[in-house]
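The structure appears right after this line, and notes come after that.
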Amino acid sequence: MAERTGCVVVGGGPAGMMAGLVLARAGVEVTVLEKHGDFLRDFRGDTVHPTTLELLDELGLFEEFAAIPHAKIRRLVARTEGGQRIAVADLTRLKVRYPYITLAPQWDFLTILAAAGEREPMFRLLRNAEFTDLVRDGSRVAGVRYRGPDGDHELRADLTIAADGRWSRVRERAGLAVTAFRVPFDLWWFRLDTSGAVEESVLPTSADGRLFVVIPRAGYVQMGCLIPKGADAALRAAGIEPLRRAAAKAIPVAAEAASRLAWGDVKLLDVRLDRLSRWHLDGLLCIGDAAHAMSPVGGVGVNLAVQDGVAAAAMLARPLLDGTLTERDLAAVQRRRASAAVFTQRLQRVLHRALGRVVTRGEGLEPPRSLVRLLDRLPALGAIPARLLAVGRRPEHAPDFARR
Ligand SMILES: Cc1cc2nc3c(=O)[nH]c(=O)nc-3n(C[C@H](O)[C@H](O)[C@H](O)COP(=O)(O)OP(=O)(O)OC[C@H]3O[C@@H](n4cnc5c(N)ncnc54)[C@H](O)[C@@H]3O)c2cc1C
């Protein structure tokens, strides 16, 4: 027997949870399918930006969010090979309600969205529910098939939203064409126990010619080390000692754990940057990384995914409730959100080229002196990268019906 719902959202990440919550607040019957049993994946980004904080406020969820342990980052600081700290972006110069980026475990952020959703009568989150295929009525997408703990199901819906991330199975099954951009590096992803506090940073830390992304968590630090694309096997063959030394130098309070690091603890993450030229088919819309996979550079993907989720729900709630939804409505969502994705990806590609050179040469981060002097002399310049990274293009607001 096929089940039925108004909208099925595939993927309980930032894009899917936000879309599901806002649609449910409009009174649309929503089912979110999440293939994992919990949100505890350690390779989710942890940054929550000023625009998302404002959205949480509008949704009446800011206090809950503020109660979870988090760090506030007001200046984006890069640490160079020589140990110098360079403030590249200054969020305190922004005219926004929350002039800082928070670093909070994404599983806590998603738990708040899930709990808010579950307070809505029209919302249902199915965990351990993995999308397997699309259901079609002729050329129209009419829902999904998924595998749950109790077997295979068919769920029919007026709209299917693909929010299943950068490896989106939905977009693959839909046959939507993807344009992929070259990314010059991959990430080694590992955690190290710490014996003291670690300074929070969104920008890389350079040590022994390597660049590290550093995410402090309670009792340990989550680290990403940028390596040239495709170099994983050769670097592993050369031995782990250089990585241990560089990680210990980057985070001295993790030196003891770094000395015990083994290759089995180091996961290779394939960094991708791509986008769909068309985000929709009749009955199907892709959002978040499923429409435009973001790299970790700048820590902007979560924010963009959240904004896509809000915009899609705000624009599609009415036609879904009235039963008038057409592909034109889906195209309007893409028109509204694509420019923000394209703009941010362009920015990431510029940063990729610069970082790619640093990673390939293996000399570490040492920005030109002229740039450092300029930032020193004209601190107001720090507002420009702050705006680009922390606010971005076309921030979205909660529609009236979703405000609490
Ligand atoms: C290593 C790394 C670090 C990053 N760090 C940051 C950062 O610090 N800040 C930042 O803003 N961005 C960061 N990004 C980018 C960011 O993670 C993404 O842009 C963002 O998570 C996109 O959100 P999403 O909801 O579209 O997709 P996702 O967060 O990928 O969520 C997709 C969800 O769909 C579920 N799913 C997948 N397949 C299925 C299926 N078949 N059936 C059901 N469910 C399924 C997944 O389990 C997941 O919960 C990072 C990216 C990488 C690779």
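Any read-out appearing in this document is the output of simple, stated calculations on the displayed coordinates, not a laboratory observation. These numbers come from a predicted model, not from an experiment. We place every Cβ from the backbone using ideal geometry, glycine too, and count neighbours over all the protein chains shown.
For the set K35/K267; K35/K95; K95/K229; K35/K229, the pairs lying more than 31 angstrom apart at their alpha carbons are K35/K95; K95/K229. Using the Cβ of G362 as centre and a radius below 13 Å, the other residues enclosed give a net charge of -1, where K and R count +1 and D and E count -1. Placing unit charges on the Cβ atoms only, positive for Lys and Arg and negative for Asp and Glu, gives the range 185-269 a dipole magnitude near 140 debye about its Cα centre.
Compute the FRET efficiency between Q84 and H36 as 1/(1 + (r/R0)^6), taking r as their Cβ-Cβ distance and R0 = 51 Å, and round to the nearest 0.05. Display every interim value, and only then the final one.
Details: r = 41 Å, r/R0 = 0.80.
Step by step, r from the Cβ atoms, then E = 0.80.
You can think of it this way: the chain between R272 and R260 has 1.3 nm of extra reach, that is 0.36 nm per residue less the Cα-Cα gap. For the range 100-235, the relative contact order comes to 15 percent (Cα pairs under 8 Å, sequence separation of at least 6). Under 10 Å, Cα contacts only: if you run a Gaussian network model on the chain, which one of I68, I112, I251 comes out with the highest mean-square fluctuation? Looking only at I68, I112, I251, the biggest GNM fluctuation is shown by I68.
Counting Lys and Arg as +1 and Asp and Glu as -1 over every other residue whose Cβ lies under 9 Å from the Cβ of D90, the net charge comes to +3.
Each Cα pair under 8 Å and six or more residues apart adds its sequence gap; the mean of these over the residue count of the chain is a relative contact order of 24 percent. Nearest 10 degrees is fine. How inclined is helix 106-118 to the longest principal axis of the chain, computing both from alpha carbons? Rounded to the nearest ten degrees, it is 20. Of A115, A311, A78, the residue with the greatest mean-square motion in the GNM of the chain, using alpha carbon springs below 10 Å, is A115.
With K and R counted +1 and D and E -1, the other residues having a Cβ less than 11 Å from that of A66 yield a net charge of -2. Beta-bridge orientation, the chain: approximately 70 percent antiparallel, per DSSP, counting only bridges with both partners inside.
Between the listed residues L94, H292, A305, the Cα displaced farthest toward the positive end of the dipole of the chain, a dipole computed from Cβ unit charges relative to the Cα centre, is found at L94.
If you run the Gaussian network model on the chain, springs between alpha carbon atoms under 10 Å, then out of V32, V96, V22 the most flexible one is V96.
Its Cα centre serving as origin, the chain has a Cβ charge dipole (Lys and Arg +1, Asp and Glu -1) of approximately 1540 debye.
Output the 0 to 90 degree angle, nearest 10, between the alpha-carbon long axis of helix 327-361 and the longest principal axis computed from the alpha carbons of the chain. Compared with the principal axis, the helix lies near 20 degrees.
Rounded to the nearest 10 degrees, what's the angle between the helix 14-26 long axis and the longest principal axis of the chain, both from Cα atoms, 0 to 90? Roughly 40 degrees between the two axes. Entry for the chain at q = 0.06 Å⁻¹: log10 I(q)/I(0) = -0.24, Debye formula applied to identical alpha-carbon scatterers, no solvent contribution.
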